[in-house]
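One structure is given here, and the rest of the page talks about it.
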Amino acid sequence: MLTIHCKCDSVAIEWPHKKVLWQLECCCNECTTRIQYLHAEKNGPQPPAHQLLDGIWLKNDFTILKGLENIGAFKLSPTGRTTCFYCSKCATALLADHIIYKELVVITQVHNFMDFDGLRNATLLGPQARHFMRDLTSNQRDRLPPFKGSHGALYEGVSDSLVEVFPELYKKGGTGIMNAQRLAEITGVSYLEI
């Protein structure tokens, strides 16, 4: 089964499958800000040197194997549309839920940290696109690793291919007994002003 682990291994989350639903590289300020906040303010894992995070979509149906009491949640602002779940001991970003996911899927970017194995037993697709490149300066663009997919899969804004695949993701997704919304009820959600 696919599992996510934090750096200190206080939290482990499991899915009843190995195959991810979708994979995409994101250059948006919001994803990077969440990871940088956890690193700078809570001594979380070192983020990548570039503003690019490989995101993996999973069904919103998982089991907390250990560490429920160590999971925290926050939004970047009271009007934020994304809830980030993290380990409160080591500040590893574990999952994120966005309102557009319709409570059916979640995303993880835990495998972007190079100093520990946060994503285990996953069957990956490889990034299908790279999006929100408009959030990068020309210098930041120059520092990105090469995209291994089609040049047509590079997007200044939201990826057309992601928008097109959402109906399929919703069909493959689902909301289990433990899901992002239930987890937010248990942990509570704090709001930052960044």
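We did not get these values from a lab; they are worked out from the coordinates using the rules stated. On a predicted model such as this, the values are computed, not experimentally measured, just so you know. Neighbour counts run over all protein chains shown; Cβ positions are idealised from the backbone, glycine included.
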Hey, got a sec? Which GluC sites (Glu not before Pro) in the stretch 105-194 land in a DSSP loop and have at most 16 other Cβ atoms within 10 Å? Glu156, Glu193
Computed from the beta carbon distance with a Förster radius of 30 Å, FRET efficiency for Met1 and Ala49 to the nearest 0.05 stands at 0.40
Two-site FRET efficiency, Arg143 against His17, from Cβ-Cβ distance with R₀ of 45 Å, rounded to 0.05: 0.80
Please tell me which of these pairs span more than 21 angstrom C-alpha to C-alpha: Lys102/Lys148; Lys7/Lys66; Lys59/Lys171; Lys19/Lys89; Lys7/Lys171? Lys102/Lys148; Lys19/Lys89; Lys7/Lys171
Taking Thr175, Thr123, Thr83 and counting other beta carbon atoms within 10 angstrom, the fewest-first order is Thr123, Thr175, Thr83
Using only the Cα atoms of the chain, what are the Rg and Dmax in Å? 15.6, 45
The stretch 1-97: which trypsin sites (Lys or Arg not before Pro) are DSSP loop and have at most 14 other beta-carbon atoms within 10 angstrom? Lys18, Arg81
